Amino acid sequence: MNIIAIVGRPNVGKSTLFNRIIGRRHAIIEEEPGVTRDRLYAEAEWAGVFFTLIDTGGILPHSEDVIDRAIREQAFIAMEEADSIIFVVDSRGGLTAMDEDLARELQRSGKHITLAVNKVDNEKHENQIYEFSSLGLGDPFGFSALSGRSLGDLLDHAVIPLRDRPEPPEDTRLKIAVVGRPNAGKSSLVNALLGEERNIVTPVAGTTRDAIDSVVKYHGQEIVLIDTAGLRRRSRVKENVEMYSVIRTSRAIDRCDVAVVLIDAEFGLEAQDKRILNDVADARKGLILAINKWDLIEKTDRTADERRKEMLEDIPTLDYVVTSFISALTRQRIHKIIDLALEVQERREHRIATHELNTNLLAEIAKNPPPSVRGRDLRINYITQVSTAPPVFAFFLNHPELLPDAYKRFLERRLREMYDLRGVPISFVFRRKSPKRED
């Protein structure tokens, strides 16, 4: 895989450059240092060269703060992964001791380095770049991440070691998003599955602010894990940064196949957990409810079944959710999460034969026909599955606009009783005309 990492001290414009290169707002940008904490990945292309771009948090070489140390470790891991490194400095702030410390680290890495001097907004500022030549990392490239000025020359240099490598194939791997409230243990679960400190894990709630992709190999199959920022109730989202994190988590749900909603066993299923579950269901993604920190609960051999029953009764419209009781800390049943996700995705992709649907479900409908509405008899004539992942079923009847919601829920219950659709939100469409019957 072609990898380019962006590194530098805080607030020099790394995330602005990251967003500029990938062509969309992906990394969080705020006028405060330390906003980017974990390393972010995105696919990018320049002049026919395809690569993975990594954005990292601002490195403070000598800080002993718990978050600063974790950010520094993440940035160094990104540097080790990279084939090419873009080292960003600030022309307006000038050369600093931190820049010099980082330059020495980069020299020791032996990697291809592009020295990128940001905030050179016009020709008048060009003379500000030359003091950075003393870093010993080659000729500096003056550019503006905000406007994109002179970005092409910088990228031409950055992709030199990546040229003549093949374009990566379309990513068809299973994508699992781990979502939930802050401090439920999402990063701990992802790290336990990966077997490495891929995401920052500290006792501070809300440490993960961006959605991050990682890859785990499971029985020879590569699976993408997306760790996300913790979701709070919207009324508590006061920082702009936290609001962006909510948006990022929503996007992570949108692009995953299966979402694992992680809750804290000590707190149980709270209102915010229910909202997250509904967000996943509304996005029609596979749905797993993982109850973390199960090792901290005093229990008998019936506790899990009783707790599961209580929770499902509390979310009656989502009672098809798959549940699992785990401990990210002790790794109890954590790999069961991946097994469940694979099973849920298989069910999402399964297509039920049209003749089977009509034979089985129409028989149930004949036993319990829809009620008359406004003096009109409603007749469902034909059913077919029109798509998978997510499954969508079309019902053809004479007056689709009159079919009551209660009867639609009856149809879903009967369909779920007949077929294994655990963990799979499904959609119905109701149409007027009955097509020619084909299987």
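The values are calculated or read from the model by the stated rules, or taken from the named source; none is laboratory data. Computed from a predicted model, the values in this text were never measured in an experiment. Methodologically, a virtual Cβ is constructed for each residue, glycine included, from the backbone with ideal geometry; neighbour enumeration extends over all protein chains shown. Each accessible area value is taken on the protein alone, full model and side chains, heavy atoms only, with ligands, DNA and RNA left out. Shrake-Rupley method; radii C 1.70, N 1.55, O 1.52, S 1.80 Å.
If you take just the strands (runs of 3 or more DSSP E) that sit entirely in the range 277-396, which of them hold at least 1 residues that are surrounded by 14 or more Cβ atoms within 10 Å (Cβ to Cβ) and under 22 Å from the mean Cα position of the chain (by Cα)?
Per the criteria, 286-292, 322-325.
Which ones in the range 95-109 are open to solvent by 10 Å² or more (accessible area, probe 1.4 Å) and in contact with a helix residue (DSSP H, G or I) (Cβ under 7 Å, 6 or more places away or on another chain)?
Result: LEU95, GLU100, SER109.
Please enumerate the residues belonging to the range 247-268 that are modelled with pLDDT under 95 and either open to solvent by 30 Å² or more (accessible area, probe 1.4 Å) or more than 22 Å from LYS336 (Cα to Cα) (or both).
Across the range 247-268, the qualifying residues are ILE247, ARG248, THR249, SER250, ARG251, ASP254, ARG255, GLU266, PHE267.
Any idea which of ARG437, ARG431, ARG422, ARG376 is under 30 Å from ILE253 (Cβ atoms), of a type in the set (D, E, K, R) and modelled with pLDDT under 95?
Testing whether each residue is under 30 Å from ILE253 (Cβ atoms), of a type in the set (D, E, K, R) and modelled with pLDDT under 95 leaves just ARG431.
This table checks each residue for (1) more than 24 Å from THR317 (Cα to Cα); (2) out of contact with any Lys or Arg (no Cβ under 6 Å at 6 or more places or on another chain).
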position	(1), (2)
ASN360	no, yes
ILE380	no, yes
PRO390	no, no
HIS399	yes, no
ASP405	no, yes
LYS408	no, yes
ARG416	no, yes
VAL424	no, no
LYS433	yes, yes
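Return yes when ASP101 is charged (D, E, K, R), part of a helix (DSSP H, G or I), within 16 Å of VAL12 (Cα to Cα) and out of contact with any strand residue (DSSP E or B) (no Cβ under 9 Å at 6 or more places or on another chain) and no when it is not.
Considered against the rule, which asks whether it is charged (D, E, K, R), part of a helix (DSSP H, G or I), within 16 Å of VAL12 (Cα to Cα) and out of contact with any strand residue (DSSP E or B) (no Cβ under 9 Å at 6 or more places or on another chain), ASP101 comes out as yes.
Search the range 48-62 for residues that are over 8 Å from ALA5 (Cα atoms) and assigned to a loop (DSSP other than H, G, I, E, B) and pair each with any residue that is at pLDDT below 85 and polar (S, T, N, Q) when their beta-carbon atoms are under 8 Å apart and the residues are at least 6 apart or on different chains.
GLY57/THR36; GLY57/GLN74; GLY58/THR36
Considering each of VAL190, VAL159 in turn, give the residue that is open to solvent by less than 10 Å² (accessible area, probe 1.4 Å), at pLDDT below 90 and either in contact with a Cys (Cβ under 6 Å, 6 or more places away or on another chain) or aliphatic (A, V, I, L, M) (or both).
VAL190
Answer with yes or no whether LEU151 is within 30 Å of ASP254 (Cβ to Cβ), open to solvent by less than 60 Å² (accessible area, probe 1.4 Å) and in contact with a helix residue (DSSP H, G or I) (Cβ under 7 Å, 6 or more places away or on another chain).
Details: within 30 Å of ASP254 (Cβ to Cβ): yes; open to solvent by less than 60 Å² (accessible area, probe 1.4 Å): yes; in contact with a helix residue (DSSP H, G or I) (Cβ under 7 Å, 6 or more places away or on another chain): yes.
For LEU151, the condition - within 30 Å of ASP254 (Cβ to Cβ), open to solvent by less than 60 Å² (accessible area, probe 1.4 Å) and in contact with a helix residue (DSSP H, G or I) (Cβ under 7 Å, 6 or more places away or on another chain) - is met.
Here's the yes/no breakdown for (1) at pLDDT 85 or above; (2) in a strand (DSSP E or B); (3) touching a strand residue (DSSP E or B) at 6+ places or on another chain (Cβ under 7 Å):
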position	(1), (2), (3)
ALA5	yes, yes, yes
VAL12	yes, no, yes
PRO33	no, no, no
GLU43	no, yes, yes
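Name the residues in the range 46-73 that are among the polar types (S, T, N, Q) and surrounded by fewer than 23 Cβ atoms within 10 Å (Cβ to Cβ), would you?
THR52, SER63
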